[in-house]
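Undergrad: The structure is given below, and queries will be raised subsequently.
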C-alpha cells in the first residue's frame with residue numbers, strides 16, 4: 001500500500017504541458033489560481049492561458065523559471081511566478097513539462113510555530129524546513145545559492161515540485177517517513193547533470209522538527225555536496241576494476257582490448273591503443289630515446305558508438321606518426337599530453353592528417369589525452385583517449401587515473417610479450433627436437449600431429465618412429481611433466497636417449513627400465529636436495545616386426561594405445577600400466593600380440609583425452625568413434641581425431657598423436673637356413689645364398705652378400721652355440737643378412753695387427769655393408785648386416 005502523504009495537493013497550482021504545447025494535466029490548485037476546470041483546458045494549447053503580450057515568449061518561458069501574466073477565467077490578468085521542469089522522453093512517458101506555482105506560504109509568521117524558531121540562517125550547510133504537509137517554509141542562503149531561486153518564490157512548494165526529478169520524489173518519501181516516525185534519515189542522492197548524465201552526489205540528512213510538547217511539526221533537510229568524494233570513489237573503483245579486467249590472458253592483443261574496454265565509457269568516449277612492434281630479434285624494444293616519425297601498430301580500440309566509426313586505423317594496421325601528433329609527441333616526451341579544441345592545440349596536433357582532422361569535426365571531438373604505455377623501463381606504445389559525447393574536458397584527476405590504469409595494463413602487456421617470446425622460443429626448440437618427417441619403412445605407414453597447449457604453453461610431448469634391424473620398427477610416444485623451455489629440453493634428452501637405446505635393440509621393457517634410471521638421475525640433478533620427483537615423464541614404446549606380424553609394447557604410466565584391425569571396431573590394447581618414469585625400483589611389463597596387416601595403431605599423449613568438459617572414459621569412447629570412421633588416409637584420420645576431441649579454444653595440455661598402419665612382409669621376400677656346426681659346410685651355404693639372390697633378381701649384390709654371409713656364419717660356428725640359423729630379408733631398397741645362435745656373447749669390432757692371422761672379419765663386414773650390429777633375443781643373439789641395394793646398383 002502506498003503511503004498517504006499529509007500535503008494538500010491543492011496548495012500548489014500544477015499543470016503538465018506535452019511536447020506539442022497542449023495541456024495534459026490540470027490539478028485543483030491550478031483551478032483555484034485561474035478559475036478554469038480541468039475539463040475546460042486539458043487537451044487545449046497552453047498558450048491560450050497566456051495574456052496576449054506573453055504569447056510570443058511562451059517557448060522561452062517554459063524553459064526557465066519566472067513570472068508570467070496569465071488570463072483568469074473571468075478575463076482579468078493574473079501575474080504568476082512559475083517553476084518549469086523539463087522531463088525528456090523515456091520508454092514509458094513522452095517528453096513533457098511540469099509547471100508548478102505555490103499558492104500558499106506568504107502568510108504571517110506565528111510566534112509559536114517551531115519552524116520559525118529554528119535557527120538555520122547562519123548554518124554553512126544548505127538547510128530547508130518543511131511543515132507538516134511537507135511544503136517548504138524556510139531555507140537559508142546556502143540553500144538559496146544551491147537552488148538559484150529566492151525563498152519567497154518557492155515557499156509553499158513540495159520538495160518533488162522544486163526538484164522536478166525522480167530523485168526528488170524519492171527524497172520526499174523519506175521525508176514523509178521522518179515525519180511519521182520521528183526518527184532522522186540519511187539519504188544519498190546521485191543527481192545527473194548535463195546531457196551525458198554525469199552525476200553530482202548529495203547527502204541529504206533529514207531530522208524531525210518538534211514543538212515544546214515533542215510533537216513533530218515538520219522536517220529539517222540539510223544537503224551536503226560530496227561529489228568530489230564520490231568521484232574519487234568512482235576513480236578508485238575503476239582502478240580496482242582495471243586490475244581485475246585487464247590482463248586476464250597472456251595475449252597482447254586481448255590485453256590491449258581490455259585496456260580500451262575498461263576506459264570506455266567510464267573515462268573516455270573513444271580509446272585507441274597503438275603498440276610498437278618488437279625487435280626483429282625477438283628481444284626487448286630497443287633501449288634509447290625514440291625519434292619521430294614513430295611506427296605504431298593498432299592493437300585495439302573501443303568507442304561508445306557501435307562499430308567504432310571514429311577509428312581511422314584498423315586493428316593490426318601500421319601507421320607512421322610524425323611530430324606533432326598525439327601518438328608521437330607523448331612517446332617522445334615520455335609523459336601524458338592533453339589537448340583540446342578550446343586551447344586550439346588539438347587541431348594543430350592533427351593537422352598532419354586530413355582524415356583524422358575531419359573525424360574531429362564530424363564527431364565533435366573536443367579533448368584528447370595521449371598516455372605512453374611504459375613498463376620495466378621499456379616504452380611499449382601509447383593509449384589515446386578522446387571525448388566528444390561528454391561535454392567536460394580531461395581534468396588532472398582524469399590524467400592520474402588514466403596513467404594508473406595504463407601503467408597496470410603496461411605490465412600485463414609486457415608480461416604477455418615476454419610470455420609470447422618464451423613460448424615462441426620453446427616452440428621453436430620443441431619443433432627442432434621433434435622429427436621433421438617420419439621415415440618410410442617396410443613395416444608401417446605413419447602420420448603424426450603435435451599441438452602445443454593453448455594457454456599453458458609448449459610442453460614436453462614427443463613422438464618418434466625408429467627403424468630397427470630386421471625390417472622392424474619402433475614407435476614411441478612420451479610426455480614430460482611441465483611446460484616451457486625446460487620441459488622441451490628434457491624432452492630432447494629423453495628422445496635422444498630412446499633413440500640410443502633403440503639402436504642397441506633393447507626390448508621395450510628393458511628400454512623403459514634404462515629410461516627410468518635416466519629420468520631419476522635427471523630428477524636428482526634438477527632438485528637441489530637430490531630428492532626424486534623434480535623431473536617426471538611417461539612413455540609408451542612399441543616394436544613391430546613385419547615378418548612375424550607381431551608387436552611388443554610396454555608403457556610407463558602412459559595411456560594405452562588403441563588399435564583398429566582391418567574391418568573390425570577400435571579397441572584399447574590391454575596393457576599393464578607401469579609406473580611413470582623417474583620413480584625407480586618398479587618393473588615394467590611388455591605384452592606381445594599379433595597384428596594383422598593393415599591394422600592401425602593409435603599412440604597419443606594424455607592431452608588428447610583429458611578435457612574439462614569430459615571425463616577420460618567419454619574421451620576414449622569419442623576417440624574410438626573418430627578412429628572407426630571410414631578413411632583411407634592416415635592424415636585425414638589425424639585431422640578428424642583432433643577436430644572431434646579437442647575443444648574449439650585449443651587443448652589444455654600438449655597433444656602428440658601418432659598413427660601407424662602396419663604392413664606385412666611376404667614370405668617370398670624371406671629365406672631361412674639352419675646351419676650345421678661344420679665349417680666345411682660354409683661353402684655350400686654361400687652357393688645357396690647366391691642362388692636365392694638370383695631368384696630375387698639381386699645378383700648384382702651377390703658377391704658382397706656372399707662375403708658377408710661367409711664371415712657371419714663362420715664366426716657363429718666358431719664362437720657361437722647351436723642351433724645356428726641364417727636368414728635373408730629384402731625389400732625394394734635393402735638386403736638384410738642375419739645369423740642367430742644361442743650364445744649371449746656379442747662380437748665386437750677390433751683392428752687386427754699385421755702379424756695376426758684373424759680378426760679382420762667384422763671390419764670387412766663393416767666396410768661392405770651400410771649398417772651392422774647385434775641384438776639379444778630370448779634364446780641368444782642375432783648378428784645382422786644391411787646391404788643397400790641402390791648403392792649396389
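Undergrad: Could you check region 348-365 and list, in sequence order, the residues that are touching a strand residue (DSSP E or B) at 6+ places or on another chain (Cβ under 9 Å), closer than 18 Å to residue 338 by Cβ and modelled with pLDDT under 85?
TA: 348, 349, 350, 360
Undergrad: Okay, next question. Can you find, within region 149-166, the residue that is farthest from the chain's Cα centre (by Cα) among those that are surrounded by fewer than 17 Cβ atoms within 10 Å (Cβ to Cβ) and free of Cβ contacts under 8 Å to residues at least 40 places away in the same chain?
TA: The extreme case among them is 150.
Undergrad: Can you tell me which residue is surrounded by the most Cβ atoms within 10 Å (Cβ to Cβ) among those in region 366-382 that are out of contact with any strand residue (DSSP E or B) (no Cβ under 8 Å at 6 or more places or on another chain) and under 17 Å from residue 247 (Cβ atoms)?
TA: If we take residues in region 366-382 being out of contact with any strand residue (DSSP E or B) (no Cβ under 8 Å at 6 or more places or on another chain) and under 17 Å from residue 247 (Cβ atoms), then 375 is surrounded by the most Cβ atoms within 10 Å (Cβ to Cβ).
Undergrad: Take region 571-609 and flag every residue that is farther than 30 Å from residue 518 by Cα and within 36 Å of the chain's Cα centre (by Cα). Step through it out loud before you land on a result.
TA: If we filter region 571-609 for residues that are farther than 30 Å from residue 518 by Cα, which is where we start, we get 571, 594-600.
Those that are farther than 30 Å from residue 518 by Cα and within 36 Å of the chain's Cα centre (by Cα): none in region 571-609.
Undergrad: If you don't mind, there's one more thing I want to ask. Might you let me know whether region 555-563 holds any residue that is in the same structural domain as residue 507 (by TED's automatic domain parsing), in contact (Cβ under 8 Å) with a residue 24 or more places away in the chain and over 37 Å from the mean Cα position of the chain (by Cα)?
TA: no
Quick grid of which residues meet (1) closer than 30 Å to residue 254 by Cα; (2) modelled with pLDDT under 80; (3) crowded, with 17+ Cβ neighbours inside 10 Å:
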| residue | (1), (2), (3) |
| --- | --- |
| 417 | yes, no, yes |
| 437 | no, no, no |
| 443 | no, no, yes |
| 446 | no, no, yes |
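Undergrad: Which numbered condition in (1) crowded, with 21+ Cβ neighbours inside 10 Å; (2) in contact (Cβ under 8 Å) with a residue 60 or more places away in the chain; (3) out of contact with any helix residue (DSSP H, G or I) (no Cβ under 8 Å at 6 or more places or on another chain) is the only one that residue 476 fails?
TA: In the conditions (1) crowded, with 21+ Cβ neighbours inside 10 Å; (2) in contact (Cβ under 8 Å) with a residue 60 or more places away in the chain; (3) out of contact with any helix residue (DSSP H, G or I) (no Cβ under 8 Å at 6 or more places or on another chain), residue 476 misses (3) alone.
Undergrad: Determine if region 234-248 includes at least one residue that is under 37 Å from the mean Cα position of the chain (by Cα), in the same structural domain as residue 404 (by TED's automatic domain parsing), without any contact (Cβ under 8 Å) to a residue 12 or more places away in the chain and assigned to a loop (DSSP other than H, G, I, E, B).
TA: Yes, region 234-248 contains a residue that is under 37 Å from the mean Cα position of the chain (by Cα), in the same structural domain as residue 404 (by TED's automatic domain parsing), without any contact (Cβ under 8 Å) to a residue 12 or more places away in the chain and assigned to a loop (DSSP other than H, G, I, E, B).
Undergrad: Which number in (1) assigned to a helix (DSSP H, G or I); (2) modelled with pLDDT of 85 or more; (3) over 52 Å from the mean Cα position of the chain (by Cα) marks the one condition that residue 169 misses?
TA: (3)
Yes/no per residue for (1) touching a strand residue (DSSP E or B) at 6+ places or on another chain (Cβ under 6 Å); (2) more than 24 Å from residue 540 (Cα to Cα):
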{"residue": "606", "(1), (2)": "no, no"}
{"residue": "609", "(1), (2)": "no, no"}
{"residue": "613", "(1), (2)": "no, yes"}
{"residue": "616", "(1), (2)": "no, no"}
{"residue": "627", "(1), (2)": "yes, no"}
{"residue": "644", "(1), (2)": "no, no"}
{"residue": "666", "(1), (2)": "no, yes"}
{"residue": "671", "(1), (2)": "yes, yes"}
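Undergrad: Step by step: first the residues of region 492-507, then only those that are farther than 12 Å from residue 518 by Cα and assigned to a helix (DSSP H, G or I), then the one that is farthest from the chain's Cα centre (by Cα). Which residue is that?
TA: My answer is 503.
Undergrad: Counting only residues that are in contact with a helix residue (DSSP H, G or I) (Cβ under 6 Å, 6 or more places away or on another chain) and part of a helix (DSSP H, G or I), how many does region 249-283 have?
TA: Count: 5.
Undergrad: Which number in (1) over 18 Å from residue 607 (Cβ atoms); (2) surrounded by 21 or more Cβ atoms within 10 Å (Cβ to Cβ); (3) modelled with pLDDT of 90 or more marks the one condition that residue 500 misses?
TA: So the condition that residue 500 fails would be (2).
Undergrad: Is it the case, given these coordinates, that residue 470 is on the phi > 0 side of the Ramachandran plot and not in a loop (DSSP other than H, G, I, E, B)?
TA: So residue 470 fits the description; yes.
Undergrad: Inspect all residues belonging to region 97-120 and state whether any of them is in contact with a strand residue (DSSP E or B) (Cβ under 8 Å, 6 or more places away or on another chain), part of a loop (DSSP other than H, G, I, E, B), modelled with pLDDT of 80 or more and surrounded by fewer than 17 Cβ atoms within 10 Å (Cβ to Cβ).
TA: No, region 97-120 contains no residue that is in contact with a strand residue (DSSP E or B) (Cβ under 8 Å, 6 or more places away or on another chain), part of a loop (DSSP other than H, G, I, E, B), modelled with pLDDT of 80 or more and surrounded by fewer than 17 Cβ atoms within 10 Å (Cβ to Cβ).
Undergrad: Further question: Say we look at region 290-304 and pick out the residues that are surrounded by 14 or more Cβ atoms within 10 Å (Cβ to Cβ) and assigned to a loop (DSSP other than H, G, I, E, B); which of these is nearest to the chain's Cα centre (by Cα)?
TA: 304
Undergrad: Among (1) at pLDDT 90 or above; (2) in a strand (DSSP E or B); (3) surrounded by 19 or more Cβ atoms within 10 Å (Cβ to Cβ), there is one condition residue 461 misses while meeting the rest; what is its number?
TA: (1)
Undergrad: Looking at the structure I just gave you, is residue 511 more than 38 Å from the chain's Cα centre (by Cα), under 20 Å from residue 605 (Cβ atoms) and touching a residue at least 40 places away in the same chain (Cβ under 8 Å)?
TA: Working: more than 38 Å from the chain's Cα centre (by Cα): yes; under 20 Å from residue 605 (Cβ atoms): yes; touching a residue at least 40 places away in the same chain (Cβ under 8 Å): yes.
Judged against the criteria, residue 511 is a match.
Undergrad: Given the conditions (1) over 45 Å from the mean Cα position of the chain (by Cα); (2) surrounded by 19 or more Cβ atoms within 10 Å (Cβ to Cβ), and given that residue 213 satisfies all but one, which numbered condition is not satisfied?
TA: Residue 213 satisfies all of (1) over 45 Å from the mean Cα position of the chain (by Cα); (2) surrounded by 19 or more Cβ atoms within 10 Å (Cβ to Cβ) except (2).
Undergrad: Another one. Quick check on region 397-413. Is at least one of its residues more than 16 Å from residue 262 (Cβ to Cβ) and under 22 Å from the mean Cα position of the chain (by Cα)?
TA: no
The values are calculated or read from the model by the stated rules, or taken from the named source; none is laboratory data. As the structure is a prediction and not an experimental result, all values here were calculated from the model. For neighbour counting, all protein chains shown are included, and Cβ atoms are generated from backbone atoms with ideal geometry for every residue, glycine included.
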